[in-house]
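Chemist: The structure that follows is given in the form of structure tokens.
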Amino acid sequence: MIIARENAPRTLDLGLLSGDTIALLGGSYSNHLALRAVLENARSRGAARIFCLGDLGGFGPSPGRIQPLLEEFGVLTLAGNYDLALASRQPDCGCGYTHPDDNRFARISYDHTSRRTTDPERAWLDGLPGAIRFRREGRRYHLCHGSPRRVNEFLWESAASDAFLTRLASDAGADVVACTHTGLPWTRPLPDGSRFINVGAVGRPPNDGDRAAVYALLPAGTHAPEFPRVPYDHEALAVEMEAEGLPAEFVETIRTGWWTTCLEILPAKERARGRF
């Protein structure tokens, strides 16, 4: 399923930004405790601007706590597939999964979030841009959710060739492309001087046994990201998830740092790094 949306700005162009430190966040997945911890960490490390690359709901509890946090910290946010689906009341998240097991858990997650999303929240999601562009220290940035060409495209580190990524960046007119969607952080400089950054996801650990949240931080004077790991009260979140009746598999991921769902989409190399 590819989600399209009419009557909404496709791209927000911010023009020329200063060379200050910036932070790039992936999906919060309703994990308000991890999101607050990451936002506070980014500010403490000097981030003058913070960008969120979409997928605000899903997986975790209390999706209504995410928008107020983004507004409190002045985060510029674009729409992921989850946000587009909720805004237009689609029957599923449009995540791009193909395996029945992945889709079964995705449906549980989406239905849980959709039931708890209010009409004003859907209207706010509907106003989010599909991409954000700016220029920083001589380089053209393009921020998106899945890829510059499709909101739910999975760009896996092991499966995306230099030639393919170079073409995506060129077609987008960008020197630096930042995305999320896969939930696994990575970065790669390309032979033509461009760079891809997958910022990971704040709301779910990157399947490595570390329960801390992750995001991308680009210090002043560089286009190469750091990936800080930020501890938060994951046990408190797990208890909230249990109280809302979310699947035990989701809770286990928060408690252990290992993915237990949506594993079938992973390429062999990424799958081999996990526990399951």
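The values are calculated or read from the model by the stated rules, or taken from the named source; none is laboratory data. Note that the structure is a prediction, hence the values are computed from the model and not measured. Using ideal geometry, Cβ is built from the backbone for each residue, glycine included, and neighbour counts are taken over all protein chains shown. Heavy atoms of the whole protein, side chains included, go into the accessibility calculation; ligands, DNA and RNA do not. Shrake-Rupley method; radii C 1.70, N 1.55, O 1.52, S 1.80 Å.
Chemist: Could you tell me whether any residue of the range 117-127 is among the hydroxyl-bearing types (Ser, Thr, Tyr), in contact with a Leu (Cβ under 8 Å, 6 or more places away or on another chain) and assigned to a helix (DSSP H, G or I)?
Modeler: Step one: list which residues in the range 117-127 are among the hydroxyl-bearing types (Ser, Thr, Tyr), which gives 117-118.
So of that shortlist, the ones also in contact with a Leu (Cβ under 8 Å, 6 or more places away or on another chain) come out as 117.
Checking which are assigned to a helix (DSSP H, G or I) leaves us with none.
No, the range 117-127 contains no residue that is among the hydroxyl-bearing types (Ser, Thr, Tyr), in contact with a Leu (Cβ under 8 Å, 6 or more places away or on another chain) and assigned to a helix (DSSP H, G or I).
Chemist: May I ask you to list the residues in the range 62-109 that are acidic (Asp, Glu) and not in a loop (DSSP other than H, G, I, E, B)? Break it down into steps so the answer makes sense when it comes.
Modeler: If we filter the range 62-109 for residues that are acidic (Asp, Glu), which is where we start, we get 71-72, 83, 92, 101-102.
Once the filter is applied, which keeps residues that are acidic (Asp, Glu) and not in a loop (DSSP other than H, G, I, E, B), the range 62-109 yields Glu71, Glu72, Asp83, Asp101, Asp102.
Chemist: I've got another one for you. Given the conditions (1) touching a Phe, Trp or Tyr at 6+ places or on another chain (Cβ under 9 Å); (2) aliphatic (A, V, I, L, M); (3) touching a residue at least 40 places away in the same chain (Cβ under 8 Å), and given that Leu53 satisfies all but one, which numbered condition is not satisfied?
Modeler: (1)
Chemist: Looking at the range 251-276 only, could you name the residues that are part of a helix (DSSP H, G or I), under 16 Å from Glu157 (Cβ atoms) and open to solvent by less than 20 Å² (accessible area, probe 1.4 Å)?
Modeler: The one that is part of a helix (DSSP H, G or I), under 16 Å from Glu157 (Cβ atoms) and open to solvent by less than 20 Å² (accessible area, probe 1.4 Å): Glu270.
Chemist: Now for a different question. Given the criteria small (Gly, Ala, Ser), out of contact with any Ser or Thr (no Cβ under 8 Å at 6 or more places or on another chain) and open to solvent by less than 20 Å² (accessible area, probe 1.4 Å), does Ala79 qualify?
Modeler: Values: small (Gly, Ala, Ser): yes; out of contact with any Ser or Thr (no Cβ under 8 Å at 6 or more places or on another chain): yes; open to solvent by less than 20 Å² (accessible area, probe 1.4 Å): yes.
Judged against the criteria, Ala79 is a match.
Chemist: Follow-up question, since we're still on this one. Name the residues in the range 136-169 that are of a type in the set (Phe, Trp, Tyr) and part of a loop (DSSP other than H, G, I, E, B), would you?
Modeler: Phe154, Trp156, listed by residue number.
Chemist: Continuing with this model, one more query. Would you pick out the residues in the range 49-66 that are open to solvent by 40 Å² or more (accessible area, probe 1.4 Å) and within 20 Å of Pro129 (Cβ to Cβ)?
Modeler: Across the range 49-66, the qualifying residue is only Arg49.
Chemist: Something else now. Run down Ala216, Ala248 and say which single residue is modelled with pLDDT of 95 or more and open to solvent by 50 Å² or more (accessible area, probe 1.4 Å).
Modeler: When all the criteria are applied, what remains is Ala248.
Chemist: I'd like the residue in the range 208-228 that is within 15 Å of the chain's Cα centre (by Cα) and assigned to a strand (DSSP E or B) and, out of all such residues, is farthest from Arg255 (Cα to Cα).
Modeler: Once the filter is applied, the top-ranked residue is Leu217.
Chemist: Scan the range 233-245 residue by residue and report those that are in a helix (DSSP H, G or I) and either open to solvent by 70 Å² or more (accessible area, probe 1.4 Å) or not hydrophobic (A, V, I, L, M, F, W, C) (or both).
Modeler: Selection gives His234, Glu235, Val239, Glu240, Glu242, Ala243.
Chemist: Can you confirm whether the range 97-112 contains a residue that is more than 26 Å from Glu242 (Cα to Cα), among the acidic types (Asp, Glu) and without any contact (Cβ under 8 Å) to a residue 12 or more places away in the chain?
Modeler: no
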